[in-house]
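Working notes, beginning with the structure itself.
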Amino acid sequence: MSRLNSALAQSVTTVQTPQYNRQKTKAGIIHLGIGAFHRAHQAWYTHHVMNQNGGDWGIIACSLRSATVYQQMAEQDCLYTLLERGNTDKTELIGSVQQVLVGPENPQAIVDAIAGESIKVISLTVTEKGYCHHPATGQLNTEHPDIIHDINHLGSPKSAIGYIVAGLKARQEKNLSGITVMSCDNLPSNGLVTQRCVLQLAESISPALARWIKQNVTFPSTVIDRIVPATVANDIALFEDKLGYRDEAMVVAEPFSQWIIEDNFANTRPAWEQVGAQFVTQAEIYELIKLRLLNGTHSLLAYAGYLAGKETIADVMQDHVLKKLCTAFMQSAASTITAPEGFDIKAYQEQLHERFENPGLKHRTWQIAMDGSQKIPQRWLSTLSDIIETNGDIRFFAFALAAWMKYISGTDDQRRAIQVSDPLADDFAAIAKQCAHTPTEYVARIFALESIFPQTLLNINNLELFTCEYLREINLNGTLATARKLLR
Ligand code: CS2
């Protein structure tokens, strides 16, 4: 089967193709972190804006780690198919990405691109750990090897924050107009976190640069939502015949999508509101709802489900105990939230259940279980603090923490080894080894990790006690039996 490219796209009839002239469109956005999520979300919205209105909003997308996406995209002239899997399948050919740059191969090219005159927005999806910050405090981790490197070699940065600061410095030197830096990662107040990290790094390079950034750059917070599992080879093979071409960069997503953006732009921007995005003055409450209800529950289902041998979230939702656990945990998280007027939090919870159950999405529990050390603070611990403050029931969260602690100790309910992917994986493994026969000490040592757990939580004796009990029970009787007992 022929590989997708611009020439082939001219004659394709199986899928809707871009309605704008890609050759004549200038780039208006630099995006850092071109994973599947960006391609199914911001790039898709931007594609729709250009389909409707035209405009110079092409995206120069940057891969800060590997050349894999470059290899998939470059041969296809950066075109790719978005496959929506719901009750029916829907496919679209997306054309908003114009070019992919690979950081480690040519860091200067990314810095130059950010300093391009037509660029109005720098957006990022670099995952939680990509901010090189302390998740518990939100401060830049100045001992992070990439940050140390960037402070000393800003001309060839490694971290996303380093690229932004180097690019802004180049813009300052060229006396260019203001620009918007827009984080699209699952962090609370992602705009503020980004601003704080960028200013902290800029300050250590040059106070004058930090001042220029304060005056010329805005950092709106956003809430981004769409379930986008990593594409598997099978999806590509399966759709090759239906599409009539081979697409190595295809992305698979659910039909649902949401984008809430604070209307705080330093320059012009695409009219994303015309294609479904919502502009607000404050995104915080929406972030809280999404992080606590969707992501918090997702993480719980990922750890408990993985331990119980479930491959995907849809598989987890097929299990009646885990589905009940999902409902109860989400309800517990929802009890901490006062929803804004007009927001039906019950309907939101029901919709989340349906989204998790989508059988067309092969969203692996292992994928969501990655990087727990970076996710747990905003997904569980802030909720837990609120529950503790009102003397609420902490058991669901203690169970979740026990499931996570079991997961990071490296074996599932069947004693099969787990490949734990987390920046702290080596620390977890060392602690698990040292405390192999002393679970109470194991739990205490994990709770003592200050970069994850705010010290105020540690004084809650019951939390440690309950977590220990659940962990002991998971070890003895398995995750499902422990969950069943919890739900009684
Ligand atoms: C998931 C998210 O991998 C994860 O941690 O919880 O990627 C989730 O699918 C998205 O935030 C949905 O918008």
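The values are calculated or read from the model by the stated rules, or taken from the named source; none is laboratory data. All values reported here derive from a predicted model rather than from experimental measurement. So basically every Cβ, Gly included, is an ideal-geometry build from the backbone, and we count neighbours across all protein chains shown.
Taken over the range 441-469, the criterion of being in contact (Cβ under 8 Å) with a residue 24 or more places away in the chain and among the polar types (S, T, N, Q) is satisfied by 451, 456, 462, 467. Considering (1) crowded, with 18+ Cβ neighbours inside 10 Å; (2) touching a Phe, Trp or Tyr at 6+ places or on another chain (Cβ under 6 Å); (3) more than 16 Å from residue 253 (Cβ to Cβ), the lone condition that residue 54 does not fulfil carries the number (1). For the range 271-299, filtering for residues that are surrounded by fewer than 20 Cβ atoms within 10 Å (Cβ to Cβ) and of a type in the set (D, E, K, R) leaves 2. Only a single item in (1) surrounded by 22 or more Cβ atoms within 10 Å (Cβ to Cβ); (2) of a type in the set (A, V, I, L, M); (3) in contact with an Asp or Glu (Cβ under 6 Å, 6 or more places away or on another chain) is not met by residue 368, and it is number (3). Taken over the range 34-50, the criterion of being closer than 15 Å to residue 251 by Cα and not β-branched (Val, Ile, Thr) is satisfied by 35, 36, 37, 38, 39, 40, 41, 42, 43, 44, 45, 47. Scanning the range 103-117 for residues that are assigned to a helix (DSSP H, G or I) and not acidic (Asp, Glu) gives 107, 108, 109, 110, 111, 113, 114.
Results for (1) among the small types (Gly, Ala, Ser); (2) more than 30 Å from residue 174 (Cβ to Cβ), shown as yes or no for each residue.
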site: 1; (1), (2): no, yes
site: 21; (1), (2): no, no
site: 33; (1), (2): yes, no
site: 44; (1), (2): no, yes
site: 51; (1), (2): no, yes
site: 56; (1), (2): no, no
site: 60; (1), (2): no, no
site: 89; (1), (2): no, yes
site: 99; (1), (2): no, no
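Test residue 393 against the stated conditions and say whether it is among the acidic types (Asp, Glu), under 17 Å from residue 477 (Cβ atoms) and either surrounded by 19 or more Cβ atoms within 10 Å (Cβ to Cβ) or not assigned by TED's automatic domain parsing to the domain that holds residue 127 (or both). Against the criterion (among the acidic types (Asp, Glu), under 17 Å from residue 477 (Cβ atoms) and either surrounded by 19 or more Cβ atoms within 10 Å (Cβ to Cβ) or not assigned by TED's automatic domain parsing to the domain that holds residue 127 (or both)), residue 393 does not qualify.
If you filter the range 376-423 down to residues that are β-branched (Val, Ile, Thr), more than 13 Å from residue 471 (Cα to Cα) and not in a helix (DSSP H, G or I), you find that the one that is nearest to the ligand (Cβ to nearest atom) is 420.
Can you confirm whether the range 341-351 contains a residue that is within 16 Å of the ligand (Cβ to nearest atom), over 19 Å from residue 457 (Cβ atoms) and out of contact with any Leu (no Cβ under 8 Å at 6 or more places or on another chain)?
If we filter the range 341-351 for residues that are within 16 Å of the ligand (Cβ to nearest atom), which is where we start, we get 348-349, 351.
Keeping just the survivors that are over 19 Å from residue 457 (Cβ atoms) gives 348-349, 351.
Remaining after also requiring out of contact with any Leu (no Cβ under 8 Å at 6 or more places or on another chain): 351.
Yes, the range 341-351 contains at least one residue that is within 16 Å of the ligand (Cβ to nearest atom), over 19 Å from residue 457 (Cβ atoms) and out of contact with any Leu (no Cβ under 8 Å at 6 or more places or on another chain).
Do the conditions hold for residue 188, that is, is it out of contact with any strand residue (DSSP E or B) (no Cβ under 8 Å at 6 or more places or on another chain) and within 16 Å of the ligand (Cβ to nearest atom)? Lay out the reasoning, then the answer.
On the way: out of contact with any strand residue (DSSP E or B) (no Cβ under 8 Å at 6 or more places or on another chain): yes; within 16 Å of the ligand (Cβ to nearest atom): yes.
Yes, satisfied.
Flag: residue 359 does not match the condition of being over 16 Å from the mean Cα position of the chain (by Cα), within 15 Å of the ligand (Cβ to nearest atom), in contact (Cβ under 8 Å) with a residue 12 or more places away in the chain and not in a helix (DSSP H, G or I). When we screen 132, 197 for residues that are of a type outside the set (Lys, Arg) and touching a strand residue (DSSP E or B) at 6+ places or on another chain (Cβ under 6 Å), the only hit is 197. In this structure, is residue 29 under 17 Å from residue 77 (Cα atoms), under 29 Å from the mean Cα position of the chain (by Cα) and either surrounded by 15 or more Cβ atoms within 10 Å (Cβ to Cβ) or small (Gly, Ala, Ser) (or both)? Taking the combined requirement at face value, the residue does not satisfy it. In the range 215-331, counting only helices (runs of 4 or more DSSP H) that sit wholly within it, the ones holding 1 or more residues that are away from the ligand (no atom under 12 Å from the Cβ), closer than 30 Å to residue 2 by Cβ and not small (Gly, Ala, Ser) span 233-243. State which residue pairs qualify: first residue surrounded by fewer than 16 Cβ atoms within 10 Å (Cβ to Cβ) and inside the range 200-221, second residue at pLDDT 95 or above and among the charged types (D, E, K, R) in any location, beta carbons under 8 Å apart, and separation of 6 or more residues or different chains. Cβ pairs passing all conditions: 206/169.
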